[in-house]
Amino acid sequence: MSQDPTKPYHLLITTNPTIAEIDANAESWKLPYSIDDADLMFDGKPLNLLYEENRCVAESTVWASREDERERERERERASVAVRRLVGIKIDSPIMSTARVMSNKQAKDNFLSLFIYKSGMAILLTGGTGKTSLQIASHLLKSRIAFLLASRHPSSAPASLPAIRFNWLDPATFPLPFSHDFPGGETISAVYLIAPEVEEPELCMNAFVEYAARRHRVRRFVLLAGNRDEPGCKGLGMVWQRFWQLGVEYCVLRPTWFMGMLGSMTLLRGILGLTNEVENFLDEAQIASIRNENKIYTACGNGKVPFVSVHDIAVVAFHALTDEKSHNTAYTLLGRELLSHDDVAAKLSTCVGREIVHVKLNDEERCRGRMSEGLSENTARFLTSLETSTARGSEERMNDVVERITGRAPRYFDTFAEENKTVWQ
């Protein structure tokens with residue numbers, strides 16, 4: 001076969017397993033030829049042109065995506081500056097001040113239009129006008145996480161904050177939060193649960209938890225309970241148990257006496273499933289006895305209590321609601337220092353500039369005092385038993401839960417007193 005020695009030839013071999021040797025001269029030799037991209041046509045366009053077009057589209061898409069992200073970041077920063085200027089939120093200050101600053105419709109509209117949420121999650125806060133829910137809302141605002149306050153009276157929520165009607169005793173209101181139109185199209189992924197003040201809160205609460213988990217795929221619940229609640233026990237213990245049964249993510253918060261607690265109503269409410277969110281030195285009855293009589297009445301004797309602040313409870317709840325990894329446990333939330341009611345009286349005296357004394361009552365005296373406030377004898381005796389238990393040291397305990405979860409130590413009582421001293425003056 002005549003070949004041009006200046007050109008490369010390829011040998012095309014016909015494979016035959018019965019042939020042990022190959023005769024090169026008997027096989028086909030072919031001269032290769034090349035095909036340019038321009039010679040190949042797809043949809044009427046040469047391959048090289050399609051390649052260039054696709055490359056340009058890909059590069060422009062990447063550039064546009066990066067530019068969009070930069071613009072979103074610039075918008076977040078503008079929104080953050082606007083929010084700070086508009087509401088002046090401080091993470092440790094009561095958010096009720098925000099309501100006063102933003103009481104007009106224009107401010108609210110500006111706030112909602114400027115706010116850019118940084119994630120697809122949204123948090124539902126029941127007990128939306130309560131102290132812990134409003135404190136959690138302030139942390140969510142700072143972190144740019146969408147939220148919704150749920151309340152029987154949404155109009156009483158701060159005017160700047162999104163709120164919706166919700167009634168534990170009215171199942172017709174259960175779907176309302178899930179039909180709320182969040183600015184960024186977020187969906188509710190976690191719920192903060194504050195029990196209603198009814199005798200068997202577990203009935204309506206479990207109905208809602210099951211509805212939210214099964215119908216709307218809510219995956220996480222954080223429950224504010226009493227410090228003596230246990231899973232499976234009457235009241236909020238039954239809600240805790242339902243978390244296990246549904247297989248949802250959860251966290252149960254069990255705070256000890258709230259700062260300012262001069263009696264045992266918070267403990268009673270916790271045991272009965274009624275969660276009192278009020279800083280108890282700010283309870284109306286306690287304010288009256290301090291302001292009008294300069295006295296604190298208890299049967300706590302010299303027993304000490306690790307009073308905890310609503311602020312600390314709210315920060316732990318914020319982490320339990322938003323941390324990527326679910327806590328799936330219960331936390332006993334204690335304050336920073338063990339204080340007797342004598343200690344509390346001394347601190348209040350320094351704060352308000354006049355002497356406040358702790359009046360130590362025996363069982364019967366305290367019980368009669370409770371009954372004079374309108375409580376039944378059984379309830380009065382039960383509350384008194386909690387205080388006498390404290391006198392025997394039942395609340396003398398400390399832990400590092402608040403600092404471990406939040407990264408900061410709990411508040412001092414002096415800080416709480418200074419912030420609220422005007423109510424006792």
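Read the figures in this text as sums done on the coordinates, not as results from a lab. None of the values given here were measured: they were computed from a predicted structure. For neighbour counting, all protein chains shown are included, and Cβ atoms are generated from backbone atoms with ideal geometry for every residue, glycine included.
Quick look at the numbers
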| item | result |
| --- | --- |
| Convex hull volume per residue for the range 380-425, taking Cα atoms only, in Å³ | 135 |
| Taking N as its residue count, the alpha carbon Rg of the range 143-245 over 2.2 N^0.38 Å | 1.09 |
| Between the range 391-416 and the range 117-193, the Cα center-to-center distance that results, in Å | 28 |
| Computed lengthening from residue 350 to residue 398, 0.36 nm per intervening residue step minus Cα-Cα distance | 14.8 nm |
| For the range 123-188, the spread of Cα positions along each principal axis, largest first, Å | 32, 27, 17 |
| Efficiency of FRET from Cβ geometry, residue 215 and residue 155, R₀ 25 Å, rounded to 0.05 | 0.40 |
| Prolate/oblate/rounded label for the range 218-262 (Cα gyration tensor, a/c 1.5) | oblate |
| Sequence ranges 344-352, 195-203, ranked by mean other-Cβ count within 10 angstrom, highest first | 344-352, 195-203 |
| Two-site label geometry, residue 207 and residue 408: point separation in nm, points 7 Å out along Cα→Cβ | 4.0 |
| Packing-based ranking, highest mean first, of 291-298, 322-329, 147-154 given that Cβ atoms within 10 Å are counted | 147-154, 291-298, 322-329 |
| Net length gained if the chain between residue 371 and residue 200 were fully extended (0.36 nm per residue, minus Cα distance) | 59.2 nm |
| Radius of gyration and Dmax over the Cα atoms of the range 291-425, both given in Å | 17.2, 51 |
| Label zone at residue 362 (point 7 Å along Cα-to-Cβ), backbone N below 11 Å, the range 390-411 | none |
